[in-house]
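The values are calculated or read from the model by the stated rules, or taken from the named source; none is laboratory data. Model, not experiment: these values are computed from the prediction. No Cβ is skipped: glycine too gets one built from the backbone with ideal geometry, and neighbour counts run over all protein chains shown. Accessible surface areas use protein heavy atoms only, side chains included; no ligands, DNA or RNA. Shrake-Rupley method; radii C 1.70, N 1.55, O 1.52, S 1.80 Å.
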Amino acid sequence: MRNALLWLTTLLVLVVVNVQIVQKERLLQQGVTMLLRLAPVDPRSLIQGDYMALRYALPEFLRKNLLPRDGYVVVRLDEQQVATIVRVYTPDAPPGPGEYLLRYRQRNGRVQLGSHAFFFQEGHADYYTNARYGELRVHRSGKSVLVGLRDNDLHPLGPSQQK
């Protein structure tokens with residue numbers, strides 16, 4: 001009985017992990033590319049290795065608003081895919097034409113859009129020092145995945161981009 005329970009638990013964990021992987025892969029393939037302006041960042045962590053702690057530049061109304069812990073903002077993209085946050089989403093004001101949902105989470109008094117960290121290989125910090133935008137893929141549901149960083153001219157950053 002104990003072995004059967006162990007195998008069933010292992011199988012359940014593998015199914016859950018693989019479903020999450022498939023969902024992220026689908027998001028990467030089908031999601032809309034959005035570039036979010038970054039606030040100043042810190043590119044080191046001695047405990048976790050090399051990574052960049054990300055803070056997104058937020059409009060004043062979002063920083064002062066008493067927001068629920070989790071929710072959505074409505075963004076509009078310009079011709080270069082740079083996102084501008086236009087308002088906090090409410091069910092009575094759905095996104096209009098050319099607008100998208102983007103999920104936020106509020107933790108420790110800070111609003112996070114997308115990932116709060118970008119991890120990179122040890123010794124590659126110099127590739128990312130000019131990061132000014134986070135590149136996200138965003139599903140129509142508002143869920144997002146951080147896929148890279150861009151410089152002020154919107155060029156992708158990283159070792160494969162520097163050849």
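Number of residues in segment 52-67 that are open to solvent by 80 Å² or more (accessible area, probe 1.4 Å) and under 17 Å from the mean Cα position of the chain (by Cα): the value is 1. Show the residue pairs that are 6+ apart or on different chains and have beta-carbon atoms under 6 Å apart, the first residue being within segment 141-162 and on the phi < 0 side of the Ramachandran plot and open to solvent by 40 Å² or more (accessible area, probe 1.4 Å), the second being in a loop (DSSP other than H, G, I, E, B) and among the basic types (Lys, Arg). Between residues of segment 141-162 that are on the phi < 0 side of the Ramachandran plot and open to solvent by 40 Å² or more (accessible area, probe 1.4 Å) and residues that are in a loop (DSSP other than H, G, I, E, B) and among the basic types (Lys, Arg), the close pairs are ASN152/ARG132.
Listed by first and then second residue, the pairs linking a residue in segment 89-110 that is closer than 20 Å to HIS139 by Cβ to a residue that is aromatic (Phe, Trp, Tyr) and in a loop (DSSP other than H, G, I, E, B), with Cβ atoms under 8 Å apart and 6 or more places separating them unless they lie on different chains, are PRO95/TYR89; LEU101/TYR89. Output the residue which, of all residues in segment 107-128 that are touching a Leu at 6+ places or on another chain (Cβ under 7 Å) and open to solvent by less than 70 Å² (accessible area, probe 1.4 Å), is farthest from ARG150 (Cα to Cα). The extreme case among them is VAL111. For segment 106-151, the set of residues classified as within 23 Å of GLY31 (Cα to Cα) and in a loop (DSSP other than H, G, I, E, B) consists of GLY114, SER115, HIS116, PHE120, ALA131, ARG132, HIS139, ARG140, SER141, GLY142, LYS143, ASP151, listed by residue number. Each residue in segment 142-163 was checked for being polar (S, T, N, Q) and touching a strand residue (DSSP E or B) at 6+ places or on another chain (Cβ under 7 Å), and 1 of them qualify.
The residue that is modelled with the highest pLDDT, counting only those in segment 68-106 that are among the small types (Gly, Ala, Ser) and either under 15 Å from SER144 (Cα atoms) or open to solvent by 70 Å² or more (accessible area, probe 1.4 Å) (or both), is ALA83. There is no residue in segment 38-51 that is at pLDDT 80 or above and open to solvent by 50 Å² or more (accessible area, probe 1.4 Å). Of everything listed in (1) open to solvent by 40 Å² or more (accessible area, probe 1.4 Å); (2) free of Cβ contacts under 8 Å to residues at least 24 places away in the same chain; (3) under 15 Å from LEU35 (Cα atoms), the single unmet condition for ARG132 is (2).
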